[in-house]
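Right, one structure below, let's go through it.
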Amino acid sequence: MLQVRTGPDTTWEVDYQPNGTIIVNNEPFAWDLVRLGPNRFHLLHEGRSYTAELVEADYQSKTIQLKLNGRLLQVQAKDRFDLLLEKLGMSDAAANKVNELKAPMPGLIVDIRVEVGQAVQKGDPLLVLEAMKMENILKAPADATVSSIKVGQRDNVNKGQVLIQFS
């Protein structure tokens with residue numbers, strides 16, 4: 001389930017069913033979607049025609065910017081974990097200054113893409129962690145400067161181990 005917001009007063013509860021049905025505010029959402037090109041779509045819903053273009057997507061913050069019939073629209077999504085953190089009063093925890101990057105799972109460091117003293121922006125790739133035969137690119141959680149790198153290439157790491165510290 002997702003909570004999708006397009007403004008201070010506009011929120012929808014969106015659920016995806018295993019059979020592919022989309023439920024919006026407990027009602028089936030009937031639509032026809034056709035891809036027109038890269039990031040461009042045509043949508044039919046309740047007899048109305050819409051042209052949609054994906055302008056920008058930030059998957060880490062779960063926000064996208066759409067151009068819907070020429071009008072810019074900011075969309076913010078919250079999954080069940082975001083909603084739980086909000087309910088527990090911890091939604092602002094991620095907004096605080098980030099001092100370190102920890103391993104999300106045990107694995108092997110296969111590539112380090114930053115150096116000490118390097119300024120990074122939120123979303124920049126920092127290192128590659130191989131876990132369960134998959135390579136995971138760990139990205140900067142916020143704008144910061146790398147103050148120290150606590151691991152080396154080919155190091156095995158444990159879940160929660162500090163990999164990079166920021167200043």
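Quick note: the coordinates plus some simple rules give every number you see, no bench work behind them. Every value quoted in this text rests on a predicted model; they were computed, and no experiment measured them. Cβ coordinates were reconstructed from backbone atoms using ideal geometry, including for glycine residues, and neighbour counts include every protein chain displayed.
Counting alpha carbon pairs within less than 8 Å and at least 6 residues apart, what relative contact order, in whole percent, applies to the range 2-85?
With pairs under 8 Å counted, the relative contact order is 23 percent.
How many angstrom separate the Cα center of the range 14-39 from the Cα center of the range 108-139?
34 Å
222 nm [θ] for the chain, helices only, -39500 (n - 2.57) per DSSP H run of 4+, per residue, to 500?
Dividing the helical sum by the residues of the chain leaves -1500 deg cm²/dmol.
Filter the cross-link list LYS133/LYS159; LYS139/LYS159; LYS102/LYS150; LYS87/LYS159 down to pairs whose alpha-carbon distance in this structure exceeds 20 Å.
LYS87/LYS159
Given DSSP loops and a limit of at most 12 other Cβ atoms within 10 Å, what is the longest stretch of the chain that contains no such chymotrypsin sites (Phe, Trp or Tyr not before Pro)?
60-167
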